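The values are calculated or read from the model by the stated rules, or taken from the named source; none is laboratory data. Treat the numbers as computed from the prediction; the structure is a model and nothing was measured. As a convention, Cβ positions derive from the backbone with ideal geometry for all residues, glycine included, and neighbour counts pool all protein chains shown. In case anyone asks, the SASA skips ligands and DNA or RNA and just uses the protein heavy atoms, side chains included. Shrake-Rupley method; radii C 1.70, N 1.55, O 1.52, S 1.80 Å.
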Amino acid sequence: MDFEWLTQQSTPDLAKALLGYRLTVDETGGLIVETEAYVGVTDRTAHVFGGKKTAANQALYAPAGTVYVYRLRAYFLMNIITQVASEPQGVLIRAIEPTKGLATMAARRGQQGYNLTSGPGKLAQAMAIDLRDNSTMLNQGRIHLSSHRIKTPAAIESGPRIGVPNKGEWTTAPLRFWVAHNPYVSGMTKQQMNEQTKGWQ
DNA sequence: ATTATGATACGCT
DNA sequence: GCGTATCATAATA
């Protein structure tokens, strides 16, 4: 399991490339349909802005393929580290299309349908991701990433990241990527969804 | 279908 | 104390 290939691309390019990969934890999981890129110490919205190092964010300074999990209020959010240790950048996994363990995830969530995994806190709860997964390496712990794209998006859209206000150009930078028309992307309205193709080729 | 609002629990200063 | 890389529900149309 070697994730050096991640470092061959920029983090925004990786955020796009990871759409359609499968993410699984034990008997639950699905296809990645929405991501955000956090591009390191110059990114005012990043936890490592200005080179800040704390106990909570040290996983960001680990090599590509490491999982960074942190807590936001009552929820956990998960990222994949994308570059070498001296470049703390990562991709936040914001939504997946469930393919495995639907019943288990629905029970953990107390929700079903498109509400199952259409947001970063939701998918963490559905797959029972928490701080025990922080700093673990993909495919060596509980969290597994497929070695290639399972499905290919027919179109990829981009826009500003969610929940990072008042940070100037970093607030509006188009560093959020999603599979166009996929119903599991956060904030999708019924009219934007394509329930037949779900946005795949 | 869209918008507003309150609950939530840390980590950091 | 304060500020969050959120979510579910209720209210209005």
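Checked against (1) within 12 Å of DNA strand C (Cβ to nearest atom); (2) farther than 19 Å from A:Leu6 by Cβ, A:Leu175 passes all but a single condition, namely (2). Considering region A:25-141, the qualifying strands (runs of 3 or more DSSP E), each wholly inside and each with 3 or more residues that are modelled with pLDDT of 95 or more and closer than 30 Å to A:Lys190 by Cβ, run over A:28-38, A:75-81, A:90-100. Entry remark, region A:1-43: residues being open to solvent by less than 70 Å² (accessible area, probe 1.4 Å), farther than 17 Å from A:Leu175 by Cβ and among the polar types (S, T, N, Q) number 3 in total.
In region A:180-201, the residues that are charged (D, E, K, R) reach residues that are within 16 Å of DNA strand C (Cβ to nearest atom) with C-beta atoms within less than 6 angstrom, at least six apart or across chains, in these pairs: A:Lys198/A:Asn182.
When region A:63-79 is filtered for residues that are of a type in the set (Gly, Ala, Ser) and either near DNA strand B (Cβ under 9 Å from one of its atoms) or open to solvent by 20 Å² or more (accessible area, probe 1.4 Å) (or both), only A:Ala74 remains.
Does A:Lys167 count as modelled with pLDDT of 95 or more and either open to solvent by 10 Å² or more (accessible area, probe 1.4 Å) or within 13 Å of DNA strand C (Cβ to nearest atom) (or both)? No. Cβ-Cβ distances below 6 Å connect the following pairs, each with a first residue in region A:142-168 that is under 17 Å from A:Pro98 (Cβ atoms) and away from DNA strand B (no atom under 16 Å from the Cβ), a second residue that is part of a strand (DSSP E or B) and not aliphatic (A, V, I, L, M), and a separation of six or more residues or different chains: A:His144/A:Thr24; A:Ser146/A:Arg22; A:Ile150/A:Arg22; A:Lys151/A:Trp200.
Criterion applied to A:Ala56, A:Ala46 was being touching a Phe, Trp or Tyr at 6+ places or on another chain (Cβ under 7 Å), more than 19 Å from A:Pro183 (Cα to Cα) and open to solvent by 50 Å² or more (accessible area, probe 1.4 Å), and the one residue passing it is A:Ala56.
Kindly indicate whether A:Val185 is within 16 Å of DNA strand B (Cβ to nearest atom), open to solvent by less than 80 Å² (accessible area, probe 1.4 Å), within 17 Å of the chain's Cα centre (by Cα) and within 20 Å of A:Lys122 (Cα to Cα). Here the answer is yes, as A:Val185 does meet what is asked.
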